[in-house]
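The values are calculated or read from the model by the stated rules, or taken from the named source; none is laboratory data. Being a predicted model, the structure only gives us computed values, none of them experimental. Cβ coordinates were reconstructed from backbone atoms using ideal geometry, including for glycine residues, and neighbour counts include every protein chain displayed.
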Amino acid sequence: MAFIPVSRQEALRRGWSELDIIFVTGDAYVDHPSFGVPLLARLLESRGFRVGIIAQPDWRSTEPFTALGRPRLFFGVSAGAMDSMVAHYTPARKLRHDDAYTPGDRHGSRPNRATIVYTSRLKEAFRDVPVVLGGIEASLRRFAHYDYWEDRVRRSILFDSKADILVYGMGERPLLELAERMAKGEPLPAITDIRGTAYISSARGDRPLPEEFVEIPSFEAVSGDKSAFAEAFRLEAGELNPWNASVTVQKHGDRFLVCNPPSLPLGEAEMDEIYGLPFAKTPHPSYLEPIPAYLQIRASITTHRGCAGGCSFCAITCHQGKAVQSRSQASIEAEIVGLAAMPWFDGTVTDVGGPSANMYGMRCGSRSAGESCHRASCLYPEVCAHLQVGDRKSAALLRKVRGIAGVAHVKVSSGVRHELFDMQREYFRELVAHHVGGLLKVAPEHFEDSVTARMGKPGRQVFERFLEYFRKESLRLGRKQFIVPYLMSGHPGCTLADMAETALTLKRLGLKVEQVQDFTPTPGTLSTCMFHTGMDPFSGEQVYVAKTDREKRLQKSLLLFGHREERRSVMEALAAIGREDLAARLLGGAGPRPGKPGGKTPGRSGTRKRR
């Protein structure tokens, strides 16, 4: 399998003296559909375009950006699979020392704000070549946004980067349409009507404003007034449904950001085409060191995109969309057959899933309801009556894939939405009986209902019912399997007292966590809006926000009460809320083993036994 060219020599070996489109990305080049730039490059290649990739160029000079010459149509720029600031810094704003998308797991192969820096270098080297932004960094920063690392509101990334157009969300349709129209001779400044794109309109008449649009508070307003920021977010959120969204406009000085409605979801045939493209499924052979992100996903299968969950802190709904877009069973089977033929395949498919594994095959059962819908989540506060959550298709898929020749084990490593287990008993029976692999990832995120309500997640009782079902079913099957609960600290609405109660719930349920996700305010999410403004943009209610490093550290420590090195911080947290009386319940005894139910607490009988 020929890789996408990364050098002039590789392009010439294909007979290409000039490329049509050149991608610049902050990730190493791994020819796998889980990596966005290679996926888009393969799609454009399949439609006859000559495509190249410049991966992780040294941004300190323009020379690496000229490695493939001048493209005939445009440069496509992406910071990579993660926002570059999230990739570089911890929630405590401390520098990370690793990068899973880089050979050798080394930090420092991409700059801060990579989208802006890469575009600047390209404009310096090729002033007249259009630059198209894409990827999650550009997608979530397309409007004026709160930046956690600078603790201020920044302009749309289009203004700061000086790029020509921005593709947001999943970029297959808009990028392909843009390339085809430019290839036919249409100048980029005249292309203003593609769904899933944003551009700048100036008062001079360049790219005039459309006749109809929704205007949200300006950059100047939202940067100086938190109420205006909340209002802008509320209006933006109302334009995420591609079937009823309007053009959204935000003024920046004497110019306007113009954001077209989102691209429509892909159908099954389109998903099959994309994931059936001829990927090599390995990193480019020039890399001599392992790439951790690739090793994690190389034996995994993506069955669908999109998430109907709409969690407040999650960027998936903003980026991939709320509509679940599933592949056919035949397409998934074919990919696994190909995977089993790989020389390195050891017989285990490490994941069959998506953003939430048990959403495969889900869809809205009412076209009219779906086209008029403004709900952020199809699951919260209750499952929508129109959402078809039947599990026959997903259960049949699991049965089929584990019977493919050459496959010994199939795991489901993606998280599952545990609140659906009552409606998906067949799927969960298959999952628990055959696909857990010892530990099942479930993300209740918190156990206090007041906090989970801010998160858009079901509360403690729903999780406890699922935990009871899982333990009983595992016991019936004679399998030693355990729940790994994913929990979050520092989320808007969460206090130290809330976190102490969640720690007590963990203790009571016989659960112990090894890692805790400290809330990171990433651009574009509801939780980040609440973090910055201290209010719910939909209800106007004031929301408590833990902003000091001390409180965020103490919230996290309370969930890690079983770790000896956290005991001092746990005592400090309990003293801060006047609940030192809880110390004996949390810290007394060794606590249960990680993820296992009913760990014993030493007592008199244990003491006699040791004697």
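Brief remarks on what is shown
- Residues of the range 323-351 that are part of a helix (DSSP H, G or I), among the aliphatic types (A, V, I, L, M) and out of contact with any helix residue (DSSP H, G or I) (no Cβ under 6 Å at 6 or more places or on another chain): Ala330, Ile332, Ala334, Val337, Leu339, Ala340.
- Residues of the range 20-46 that are closer than 19 Å to Pro57 by Cα and of a type in the set (Asp, Glu): Asp27, Asp31.
- Selection count, the range 135-192, where residues are over 23 Å from Thr528 (Cβ atoms) and charged (D, E, K, R): 9
- Entirely in the range 409-499, the helices (runs of 4 or more DSSP H) that have 3 or more residues that are in the same structural domain as Arg399 (by TED's automatic domain parsing): 425-430
- Number of the condition not met by Thr62 [criteria: (1) of a type in the set (Ser, Thr, Tyr); (2) touching a Lys or Arg at 6+ places or on another chain (Cβ under 7 Å); (3) free of Cβ contacts under 8 Å to residues at least 24 places away in the same chain]: (3)
- Residues that are assigned to a helix (DSSP H, G or I) and more than 28 Å from Ile483 (Cβ to Cβ) within the range 572-593 comprise Glu572, Ala575, Ala576, Glu580, Asp581, listed in sequence order.
- Residue that is touching a helix residue (DSSP H, G or I) at 6+ places or on another chain (Cβ under 9 Å), part of a helix (DSSP H, G or I) and of a type in the set (A, V, I, L, M), where the choices are Ala369, Ala395, Ala376: Ala395
- Hey, Leu554 surrounded by 24 or more Cβ atoms within 10 Å (Cβ to Cβ), modelled with pLDDT of 95 or more and within 26 Å of the chain's Cα centre (by Cα) or not: no
- Scope the range 60-99; condition buried (at least 19 other Cβ atoms within 10 Å of the Cβ) and among the hydrophobic types (A, V, I, L, M, F, W, C); matching residues: Phe65, Leu68, Leu73, Phe74, Phe75, Val77, Ala79, Ala81, Met82, Met85, Val86, Ala87
- If the condition is being among the hydroxyl-bearing types (Ser, Thr, Tyr) and within 27 Å of the chain's Cα centre (by Cα), then the range 186-223 contributes Thr197, Tyr199, Ser223.
- For the range 352-366, filtered to residues that are in a strand (DSSP E or B) and not hydrophobic (A, V, I, L, M, F, W, C), the residue that is nearest to the chain's Cα centre (by Cα) is Gly353.
- Cβ-Cβ contacts under 9 Å between residues 6 or more apart (or on different chains), taken from a first residue in the range 91-111 that is of a type in the set (Val, Ile, Thr) to a second residue that is part of a helix (DSSP H, G or I) and surrounded by 11 or more Cβ atoms within 10 Å (Cβ to Cβ), are listed as Thr102/Pro292; Thr102/Ala293.
- Total residues in the range 231-250, condition within 17 Å of Phe538 (Cβ to Cβ) and in contact with a His (Cβ under 8 Å, 6 or more places away or on another chain): 2
- Close pairs (9 angstrom Cβ cut-off, 6 or more residues apart or separate chains): modelled with pLDDT under 95 in the range 178-196, exposed (fewer than 12 other Cβ atoms within 10 Å of the Cβ) anywhere: Pro189/Asp206
- Ser312, sole failed condition from (1) touching a strand residue (DSSP E or B) at 6+ places or on another chain (Cβ under 9 Å); (2) assigned to a loop (DSSP other than H, G, I, E, B): (1)
- Condition check for Glu426: surrounded by fewer than 21 Cβ atoms within 10 Å (Cβ to Cβ) and touching a helix residue (DSSP H, G or I) at 6+ places or on another chain (Cβ under 7 Å): yes
- Residues located in the range 500-551, provided they are surrounded by fewer than 19 Cβ atoms within 10 Å (Cβ to Cβ), part of a loop (DSSP other than H, G, I, E, B) and among the basic types (Lys, Arg): Lys547
- Ser394 being under 30 Å from Pro242 (Cα atoms), surrounded by fewer than 22 Cβ atoms within 10 Å (Cβ to Cβ) and in the same structural domain as Gln329 (by TED's automatic domain parsing): no
- Residues located in the range 433-464, provided they are of a type in the set (Ser, Thr, Tyr) and buried (at least 20 other Cβ atoms within 10 Å of the Cβ): Thr452
- Single unsatisfied condition, Phe3 versus (1) out of contact with any Gly (no Cβ under 6 Å at 6 or more places or on another chain); (2) assigned by TED's automatic domain parsing to the domain that holds Val167; (3) on the phi < 0 side of the Ramachandran plot: (2)
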